[in-house]
1. Quick one: in region 116-171, of everything that is out of contact with any helix residue (DSSP H, G or I) (no Cβ under 8 Å at 6 or more places or on another chain), free of Cβ contacts under 8 Å to residues at least 60 places away in the same chain and of a type in the set (Val, Ile, Thr), which residue is farthest from residue 18 (Cα to Cα)?
2. Can you go through 79, 44, 68 and tell me which one is modelled with pLDDT of 95 or more, within 13 Å of ligand 2 (Cβ to nearest atom), farther than 20 Å from residue 161 by Cα and among the basic types (Lys, Arg)?
3. Is it the case that some residue within region 44-55 is crowded, with 17+ Cβ neighbours inside 10 Å, within 15 Å of the chain's Cα centre (by Cα) and within 16 Å of ligand 1 (Cβ to nearest atom)?
4. Applying the selection to region 1-41, what residues are at pLDDT below 95 and over 13 Å from residue 99 (Cβ atoms)?
5. For the structure I just gave you, tell me whether residue 35 is within 16 Å of ligand 2 (Cβ to nearest atom), touching a residue at least 12 places away in the same chain (Cβ under 8 Å), among the hydroxyl-bearing types (Ser, Thr, Tyr) and under 20 Å from residue 174 (Cβ atoms).
6. Need a quick list: helices (runs of 4 or more DSSP H) entirely within region 87-182 having at least 1 residues that are surrounded by 13 or more Cβ atoms within 10 Å (Cβ to Cβ) and among the acidic types (Asp, Glu).
7. Checking the conditions here, which among 27, 15 is within 16 Å of ligand 1 (Cβ to nearest atom), within 20 Å of residue 153 (Cβ to Cβ) and in a helix (DSSP H, G or I)?
8. How about region 63-85: which of its residues are in contact with a strand residue (DSSP E or B) (Cβ under 8 Å, 6 or more places away or on another chain), touching a residue at least 12 places away in the same chain (Cβ under 8 Å) and not in a helix (DSSP H, G or I)?
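The values are calculated or read from the model by the stated rules, or taken from the named source; none is laboratory data. Keep in mind that this is a model prediction, so the values were computed, not measured. All Cβ positions, even for glycine, are placed from backbone atoms using ideal geometry, and neighbour counts span all protein chains on display.
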Amino acid sequence: MAAPQNTDRKAPNILVTGTPGVGKSTLCSKLSELTGLTWLDISKIAKDHDCLEGFDETYQCSYLDEDKLLDGLEDTMSKGGNIVDYHSNEFFPERWFDAVFVVRSDNTTLYDRLTSRGYTGKKLEDNVQCEIFQTILEEAKSSYREEIVHEMYSRTPEELEENVRNICGWLEGWFRDKGESN
Ligand SMILES: Nc1ncnc2c1ncn2[C@@H]1O[C@H](COP(=O)(O)OP(=O)(O)O)[C@@H](O)[C@H]1O
Ligand SMILES: [Mg+2]
């Protein structure tokens, strides 16, 4: 994987995105533990910092106040060294990220994970469809330079380990290239 450079940052920012239930937070937690990068769980941050407004009855969730969230994160992101974890991605500024990892699953695995999370009805069906139609991958490809967008399946513990290894390898490459360019 090529490591595109943003020489202003001392450490890269990466985005981990994908349909709910594909394994983003599991991956981010491991990565953060291993690399010392800061894991930003956007759903949690939005809740803790009052960036939610209204309520969608169909999906049983609140709407995100994107402007408020982005303003609050700007300083942290400009310093670098963050892993952003969120199920959507097009509203983040493109300049924030050095790499975008789209976590993928298959429909039966995802169906089982979302069912055990308590999802039912339209919310369950729509999320599984979202994965079948690779909506989040397409969103990422149309929002970021294609060469920084990487797709990775995380259906099994082995795939998770492989993804962690690949991202750690990418990070090493980023720091090596940065060292050479200074
Ligand atoms: N690679 C994997 N292999 C097996 N189970 C996984 C894997 N990744 C995640 N899981 C499980 O799937 C569920 C959803 O994972 P989570 O990381 O919370 O997804 P997300 O943050 O994308 O919604 C959790 O129960 C988690 O333990
Ligand atoms: Mg999560």
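1. Filtering first and then ranking leaves 120.
2. On inspection, the qualifying residue turns out to be 44.
3. Scanning region 44-55, I find at least one residue that is crowded, with 17+ Cβ neighbours inside 10 Å, within 15 Å of the chain's Cα centre (by Cα) and within 16 Å of ligand 1 (Cβ to nearest atom), so the answer is yes.
4. Answer for region 1-41, where residues must be at pLDDT below 95 and over 13 Å from residue 99 (Cβ atoms): 7, 8, 10.
5. Spelling it out, it is not the case that residue 35 is within 16 Å of ligand 2 (Cβ to nearest atom), touching a residue at least 12 places away in the same chain (Cβ under 8 Å), among the hydroxyl-bearing types (Ser, Thr, Tyr) and under 20 Å from residue 174 (Cβ atoms).
6. 121-132, 135-143, 157-181
7. None of the other options fit; the residue is 27.
8. Within region 63-85, 64, 65, 81, 82, 83, 84, 85 meet the criteria.
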